[in-house]
Amino acid sequence: MDFITFENVERVYRMGNTVIKAVDGISFALNKGTFNVVLGQSGAGKTTVLNMLGGMDSSTSGRIIVNDKEISGMSEYDLTEYRRTQIGFVFQFYNLVPNLTALENVQLAEEISPDPLDAREMLQRVGLEKRMSNFPSQMSGGEQQRVSIARALAKNPQIVLCDEPTGALDSETGRMVLRLIRDVSNDLGKTVVIVTHNAPIAEMAQTVLHMRDGKIAKTEFHEHPKDVEDIIW
Amino acid sequence: MVRGTLFKKSLRDMRKSKAQFISIFIMATLAVTIMTGLDSIWFTVQNNADAMYNATNLSDLWVTVQNPSEQDLWAIRKIDGVTQVEKRFSTDADTDLPGATLHVYALNDRSTLDQPEIQEGRFSKNGAVLDSSFAKVHNLKVGDTISIKLDGIWLQLPINGLAISSEQVSVVKNSATLVPDPTIYGFIVIHTSALESVYGQKVYNQISVKTASGTNLKEVVQKADSIIGDKLIGITLQKDSTSVSNVNGRIQQFKILSLVFPILFFLVTALITQSTMVRLVENQRTQIGILKALGYSKGSILWHYTSYGVMVGVLGSLTGLILGPNIFGRILVPQLQLTLSSYRLHINYWNFAFALLLILLCTGGISFYACWQLQKDTPAVLLRDKPPKKGKHIFLESIPSIWDKMKFSNKLIVRNTLKNKGRLIMSTIGVMGCVGVIIAALTVKSTIVGITDQVYGDTFTYDQKVIIDPKKADSRYLNNLGLNGITQLIQESAIEVIYPNGEQKMEIITVTTIDSPLVQMKDIDGNPISLPENGILMTRKLCKTLGIDKGDSIQIKRTGEDYVPVQIIQVPYMASGQGIYVSDSYWKSLGEKFSPTAILIQWHGPLDQRFLQSDVVTDSATRESQHEGLSSSMGVINFAVVALIVMGASLAFVVLYNTGILNFVERIRDLATFRVLGFHHREIRNLVLVENYFSILLGTILGIPIGRFISWLIASSLDERMDLLGNITLPNVLIATAMTIFFAWITNSSIARKMKQLEMLEALKSVE
């Protein structure tokens, strides 16, 4: 049973007279509870795919179906509800709220989700039980990214979307963050989609979508994805 | 000087922060408009009035005395400092136009003091020069005739000229009239020889005295008093004469307003500049580093950022300098109901310079200060990334019982608000000013509208005041009036008074029967006061202006006799009708005669027309007619009220819009994060706008005392003859609050509309 389906999805940006086809008619399907990577150079359209899937951007044409619901063509309000209940985001630059402590940043998710996980427990899971009352400015990049993973998962979403989650981290920290994303979402049965330009990360995915110029150039399936420790970066 | 490229940069920077710089511009413009505008009002009035006093050779003092002798004149002329003395005749007279009274000045051929300023025709022996405003409303022209009644004898006079007078710039018929009304009161100048047909000879009752500048007028008054002796009726200094003191009151009123009102606007200008420039300079941290690295000097970088404020400030000031005097001075001065020979705008360049200096301090000075902090760092430090914004634990967190129960969004709002205290103060001051100004506007209006009710409802409970001719109404007649209603006899006249501080001037004295059924006196707290048997009552405002109080003694001049000391027993509060009140029995005990000049009547049936038409009655005024006089002045008041409300609204709009937008722009990344997490627009709007709700609440509460203060300030300087308290009322406070909330709501909705356009992707893309 396909959990996420893209059917002939297009996304066209118009800027004055120039028309840019960021996503040029792509179709794919992903299963529930899997770990997936969208791989491509910058400008390949991979972030646009992630944004459309996350309900942050809408498609120009085609259908996007998530969990039996068509999200393409949803109203602004419904998209917000969708993001609120179904999606957890992890960004390259963490996007924590500077004025809230680590715990409060996670509670943020707790507060708006209908069925949240305990914020303290999530922070324990990412190994930050001792930094709960610290503000983002008092934490390292890796710690901040762990807070943002805790925040994404605390909402108890169906899908966790990560945009270059290791982009701003050194390789050791990056590895730890990736392991965390995979382990925690495995335990909780979440579907993960990671967007990256970093090819070795793809080796740990079950499905890899290779994107080039707004199209899917190649789809790879790994029966036995590699463990994070075995990836050479 | 501004360098070419840097200048282009500043223009582009300003375009980027359009809303902020427009706000600074509007506030600077408003501040300078209001300050120079109010300034230009009094300055224009003062200059034009002074020019008119000089041109008409207005006397420095007048000695009122029945039939002054040549010796009197000669003796006064000999007083040190006196340069010129003349005698004239001056009195009020009825006319053949119903309800209209003219003040008659009878002058000699050779008179040079207190001349009318002739606008048409000329002054001649066999005719009269008539008040030109009076002539205009009554459609009288040179060549027409008018009749006046002097001592019961009608005198028909050809109108030979039209004029205005320095003594009639701002006068009202009597204490019941609020604003000058040329349909019922004016003046006429005649030749003393015209009096011969009435009195059988030339008569005089006043000596006009001109002194050299710098003369001690107090000494002149004392000497003149002793020269005239018991015959003296009173001495009036120029500054105490009705018209001059009314004009000075107006000047004083606008002087005070021009000092108090702009403060709020200058303060808000400074605060807005501060919040804008701090943000701008901080955002340009790297750019300052680049400029420094390129080799721009400290001074030129400082000047570059200072010039943002200076440019907007100077532009705003110049706009204000053009708008202020033109709107207030040119348009409002002619509306002040002053009859001046010229309304030519006079500009006080010193005040111009002062306003400009103030605004430069508020804009340029603040910009300089904002930049000063950053330019001290080395280029290397500046080029490095800005240290991340720090979250801080706040005091409230140490009280877990409150903090832990708060929703995260409230926690965020509290932390954010405390981080930007300056902005909270700015918007609170703005809202405070808005509430205060609107309360003041409404209070002033309801005070003025309510004067008649207050005066005729509380103090004077008569329906009609009938002026009678004392010569025709002896005590036997008055005791047997047989009118259907309550009556009260009163005697109103002017009396010379010497105060404990040596000041000497004429005051209005009212003598009436001790039971006083139709004049209810109360003290400031509302406790009733009755006329004493052993002393006088002196109204609160009069006591306050002279610095005396209950228990003090003053000296009053008796008719044809010397001064006698009398004690102030009580101080009644009266909105209108300032002066001295005594009982007829006490008056008689001083050796004076009680000869009523008016009857107050509260009718129990229809008006007794037979009585009102009798020749004893010279004039009568009903409560309704007082109301009518008032409505003619409502136009100016309504204009002032609208102007004040617009001022208040712009104050609130500018500050709230600024805080809202800054709050939004500064946190655009956070807010985008919230959007991504699945927060709805409404929830995000609250995150930004609750801060505004705080300042609206706080500002409204603080605005009430401010409104009270401004109301009091305006009310107490509104009219010399009135004792207005300007007390704020609950309905006015509620209306002002509702209006402020409405303005705030409009502002908040326009911010919310802007927020809806938030592109979350754009905001999250770049980390700066």
Report summary line: Selection from the stretch A:160-202 of residues acidic (Asp, Glu), under 16 Å from A:VAL90 (Cα atoms) and assigned to a loop (DSSP other than H, G, I, E, B) yields A:GLU164
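Out of B:PHE123, B:PHE187, report the one residue that is surrounded by fewer than 21 Cβ atoms within 10 Å (Cβ to Cβ) and closer than 19 Å to B:MET52 by Cα.
Testing whether each residue is surrounded by fewer than 21 Cβ atoms within 10 Å (Cβ to Cβ) and closer than 19 Å to B:MET52 by Cα leaves just B:PHE123.
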Report summary line: Filter the stretch B:417-459 for residues that are surrounded by fewer than 22 Cβ atoms within 10 Å (Cβ to Cβ) and of a type in the set (Gly, Ala, Ser); the one that is nearest to the other protein chains (Cβ to nearest Cβ) is B:GLY422
Report task. Answer with yes or no whether A:LEU180 is farther than 14 Å from A:VAL126 by Cβ and of a type in the set (A, V, I, L, M, F, W, C). Result -> no
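Please tell me if A:SER61 is in contact (Cβ under 8 Å) with a residue 12 or more places away in the chain, away from every other protein chain (no Cβ under 14 Å), farther than 19 Å from A:THR207 by Cβ and surrounded by fewer than 17 Cβ atoms within 10 Å (Cβ to Cβ).
Judged against the criteria, A:SER61 is a match.
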Query raised in the report: Quick one: would you say B:SER165 is surrounded by 18 or more Cβ atoms within 10 Å (Cβ to Cβ), of a type outside the set (Phe, Trp, Tyr) and farther than 29 Å from B:GLN491 by Cβ?
Result: no
Query - Residues within the stretch B:203-228 that are surrounded by 16 or more Cβ atoms within 10 Å (Cβ to Cβ) and free of Cβ contacts under 8 Å to residues at least 12 places away in the same chain, tallied - result: 0
Report task. Specify which of the listed residues (B:ILE402, B:ILE425, B:ILE448) is within 15 Å of B:LEU697 (Cα to Cα) and of a type outside the set (D, E, K, R). Result -> B:ILE425
Query - Verdict on B:SER59 being touching an Asp or Glu at 6+ places or on another chain (Cβ under 6 Å) and either over 30 Å from B:GLY329 (Cα atoms) or surrounded by 24 or more Cβ atoms within 10 Å (Cβ to Cβ) (or both) - result: yes
Requested in this report: Please tell me if A:ALA152 is within 14 Å of chain B (Cβ to nearest Cβ) and outside any loop (DSSP other than H, G, I, E, B).
Outcome: yes
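Being over 15 Å from the mean Cα position of the chain (by Cα) and of a type in the set (Lys, Arg), is that true of even one residue in the stretch A:82-104?
No, the stretch A:82-104 contains no residue that is over 15 Å from the mean Cα position of the chain (by Cα) and of a type in the set (Lys, Arg).
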Query raised in the report: What is the one condition in (1) among the hydroxyl-bearing types (Ser, Thr, Tyr); (2) at pLDDT below 90; (3) farther than 24 Å from B:ALA270 by Cα that B:SER17 does not satisfy?
Result: (3)
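This table checks each residue for (1) outside any strand (DSSP E or B); (2) of a type outside the set (Asp, Glu).
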site	(1), (2)
B:ILE188	no, yes
B:VAL220	yes, yes
B:ASP225	yes, no
B:ILE228	yes, yes
B:ILE256	yes, yes
B:PRO262	yes, yes
B:THR269	yes, yes
B:GLU282	yes, no
B:LYS292	yes, yes
Report task. Could you run through the stretch A:29-49 and say how many residues are assigned to a strand (DSSP E or B) and closer than 21 Å to A:VAL90 by Cβ? Result -> 7
Query raised in the report: Within the stretch B:247-259, can you find the residues that are surrounded by fewer than 19 Cβ atoms within 10 Å (Cβ to Cβ) and over 18 Å from B:ALA31 (Cα atoms)?
Result: B:GLY249, B:ILE251, B:GLN252
Report task. Inspect all residues belonging to the stretch A:116-132 and state whether any of them is closer than 21 Å to B:ARG669 by Cα and either within 13 Å of chain B (Cβ to nearest Cβ) or surrounded by fewer than 23 Cβ atoms within 10 Å (Cβ to Cβ) (or both). Result -> no
Query raised in the report: In this structure, is B:THR64 in contact with a strand residue (DSSP E or B) (Cβ under 7 Å, 6 or more places away or on another chain) and either free of Cβ contacts under 8 Å to residues at least 12 places away in the same chain or of a type in the set (Val, Ile, Thr) (or both)?
Result: yes
Query raised in the report: If you check B:LEU651 against the conditions, is it surrounded by 19 or more Cβ atoms within 10 Å (Cβ to Cβ), touching a Cys at 6+ places or on another chain (Cβ under 8 Å) and away from chain A (no Cβ under 14 Å)?
Result: yes
Report summary line: Quick count over the stretch B:34-55, residues being surrounded by fewer than 20 Cβ atoms within 10 Å (Cβ to Cβ) and of a type in the set (D, E, K, R), is 1
Query raised in the report: Of all the strands (runs of 3 or more DSSP E) wholly in the stretch B:420-528, which have at least 2 residues that are more than 30 Å from B:PRO606 (Cβ to Cβ)?
Result: B:485-498, B:504-512
Query raised in the report: Quick check: is even one residue across the stretch B:685-704 in a loop (DSSP other than H, G, I, E, B) and within 14 Å of another protein chain (Cβ to nearest Cβ)?
Result: no
Report task. Check whether at least one residue in the stretch B:341-353 is among the small types (Gly, Ala, Ser), in contact with a Ser or Thr (Cβ under 9 Å, 6 or more places away or on another chain) and within 30 Å of A:THR101 (Cα to Cα), and report yes or no. Result -> no
Query - Residues located in the stretch B:496-538, provided they are of a type in the set (Lys, Arg) and surrounded by fewer than 18 Cβ atoms within 10 Å (Cβ to Cβ) - result: B:LYS522
Query raised in the report: Does the stretch A:138-153 contain at least one residue that is surrounded by fewer than 22 Cβ atoms within 10 Å (Cβ to Cβ), free of Cβ contacts under 8 Å to residues at least 60 places away in the same chain and within 25 Å of A:GLY40 (Cα to Cα)?
Result: yes
Query raised in the report: Among the listed residues A:ASP183, A:ASP227, which satisfies the condition of being without any contact (Cβ under 8 Å) to a residue 12 or more places away in the chain and surrounded by fewer than 14 Cβ atoms within 10 Å (Cβ to Cβ)?
Result: A:ASP183
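So that you can scan it fast, the table gives a plain yes or no per residue for (1) in a strand (DSSP E or B); (2) in the same structural domain as B:SER717 (by TED's automatic domain parsing); (3) more than 30 Å from B:LEU718 (Cα to Cα):
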{"residue": "B:LYS541", "(1), (2), (3)": "no, no, no"}
{"residue": "B:GLN578", "(1), (2), (3)": "no, no, no"}
{"residue": "B:TYR581", "(1), (2), (3)": "yes, no, no"}
{"residue": "B:SER595", "(1), (2), (3)": "no, no, yes"}
**Report entry** Which listed residue, of A:GLU104, A:GLU143, A:GLU111, is more than 10 Å from every other protein chain (Cβ to nearest Cβ) and out of contact with any strand residue (DSSP E or B) (no Cβ under 7 Å at 6 or more places or on another chain)
**Finding:** A:GLU143
Query raised in the report: Does A:MET52 qualify as being aliphatic (A, V, I, L, M), within 13 Å of chain B (Cβ to nearest Cβ) and assigned to a helix (DSSP H, G or I)?
Result: yes
Requested in this report: Could you tell me whether the stretch B:404-416 includes any residue that is in the same structural domain as B:GLU666 (by TED's automatic domain parsing), loosely packed, with under 14 Cβ neighbours inside 10 Å and acidic (Asp, Glu)?
Outcome: no
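The values are calculated or read from the model by the stated rules, or taken from the named source; none is laboratory data. Just so we're clear, the structure is a prediction, and the values are computed from it rather than from any experiment. Note that each Cβ is placed from the backbone with ideal geometry, even for glycine, and that neighbours are counted across all protein chains shown.
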